[in-house]
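Notes follow once the structure below has been shown.
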Amino acid sequence: MQEKKIALIGTYPPPYGGISIHIKRLKNKLEKNGFKCIVYSFSMETYVDANVKTINNPIKWIVSYLITNDDDIIHLHAPDWRLRFILSLMAIFNKRVIISIHGDSLNDALKSNYIKKLLVKFSIRYSSTVIAVNTKIRDLCLEIGVKPNRLYLISPFIPPKLDDNDLKLIPNEVNKFIKDHDPIISVNAFKLVFYKGEDLYGLDMCVDLCNHLKSTYKKIGFIVSIPEIGNYEYFNELIEKIDKKDLRNNFFFKTDKLSFYPIIYKSDIFLRPTNTDGDAVSIREALYFNVPTVTSDVVPRPEGTILFKNRDINDLTVKVLEVLKNYEFYKNKMEISNKVDNFEKIVDVYKKLIIRGE
């Protein structure tokens, strides 16, 4: 098994998003456990690691990959339905293809025109194996005909190793902000985008939440990590909203491409107010470090999180206040079950595909 070559297709840090972090940690653990591993990354970066290849044109690349690849297992993490379809064709011709579905990409694709919907269903049904990161995605896969023996429910969370070097990479101005503010609430966004006409990551709600809490917690601080701003117009609107509410001193926007988990580790609360999601790695990191975590109820969330009604600022405020007023209670309540490392579960899937010939 350890002589087999495993290809991971998706994005690789930087930037630091949930999928890219998962791929990086999976690659590192595979290599430390004696496996061969290559990453095909769609990030527009140049990597020092010879086993991380930058792919500038995914569709052009996948066509040549059909002919030239010699990988034993192909594990796709990218949400592009076209890549899923092409790789499923390879599975029909006895290539071992795993498709991990991390978010709403499948659900959205199934709402498209008839031809695209047909191709999407085909790709999911006929890949060798599908990994769903939450029960909502798993149930959708079952509905469209994925065989239960080829479908796995596995969180993408692979624990970070608390690294002093990563902690040292926190900018001095962030450390100063943490020192000068209390409590610290951290929140992250891959980049500023809208989903169904709303701020996907709910940063607008963070501004409103801060405004509601500041009268009680005058030194409250929000650290917002956005490694790729994306929508600069909306970013400027958020800054204007912050200024109008006189909250500029309560917000720190971290817009570089450094790892986010050290900031979660130093936070009092982690906040995830998204209006859609998969199985957020940042939530698992917060739970892993025993940081009380408040999340929207848009998808099934891990044990230990405190849920609020999606896009309901009043409910969000109530839940965060409850945590702050009873902090030690919530800090001590963190679930040990969230310490699970899903790496072995993923390796077990690889073993089934190779050893049993599935």
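No lab work stands behind these numbers, since they all come straight from the coordinates. All values reported here derive from a predicted model rather than from experimental measurement. Cβ coordinates were reconstructed from backbone atoms using ideal geometry, including for glycine residues, and neighbour counts include every protein chain displayed.
Structure above, values below:
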| item | result |
| --- | --- |
| Sites PHE329 and ASN172 - FRET efficiency at Förster radius 35 Å, r taken between beta-carbons, to 0.05 | 0.55 |
| In degrees, nearest ten, helix 232-244 long axis to first principal axis of the chain (Cα) | 20 |
| Lys, Arg +1 and Asp, Glu -1 on Cβ, resulting dipole of the chain about Cα centre, debye, nearest 20 | 940 |
| Acute angle (nearest 10 degrees) that the helix 81-92 long axis makes with the longest principal axis of the chain, alpha-carbon atoms | 30 |
| 16 Å Cα-Cα reach of LYS333 towards lysines, excluding residues that sit fewer than 8 places from it in its own chain | LYS319, LYS325 |
| Cα convex hull volume per residue for the chain (Å³) | 142 |
| Relative contact order of segment 164-339, pairs being alpha-carbon contacts under 8 Å that are 6 or more residues apart, as % | 22 |
| Rule-of-thumb Rg ratio for segment 164-339 [Cα; 2.2 N^0.38 Å; N residues] | 0.96 |
| The chain - share of DSSP beta bridges that are antiparallel (%, nearest 5) | 5 |
| Net charge, GLY34 excluded, C-beta distance under 11 Å - Lys, Arg +1, Asp, Glu -1 | +2 |
| Along each principal axis, Cα extent of segment 1-56, largest first, Å | 31, 20, 17 |
| Relative contact order for segment 93-225, counting Cα pairs under 8 Å that sit 6 or more residues apart, in percent | 19 |
| Cα Rg, Dmax, segment 83-193, angstrom units | 20.0, 60 |
| Amide H contacts under 5 Å for LYS36, placed H, 5+ residues apart | LYS4, ILE6 |
| Rounded tilt (10° steps) of 18-32 against the dominant C-alpha axis of the chain | 60 |
| Exposure proxy order (Cβ contacts within 10 Å, fewest to most) of ARG301, ARG311 | ARG311, ARG301 |
| Extreme residue, positive dipole direction of the chain, given options VAL224, SER123, TRP81 (C-beta unit charges) | SER123 |
| Along each principal axis, Cα extent of segment 1-106, largest first, Å | 31, 31, 24 |
| Only Lys, Arg (+1) and Asp, Glu (-1) charged, at Cβ; segment 213-358 dipole about Cα centre in debye | 360 |
| Relative contact order, percent, the chain [alpha-carbon distance under 8 Å, six or more residues apart] | 15 |
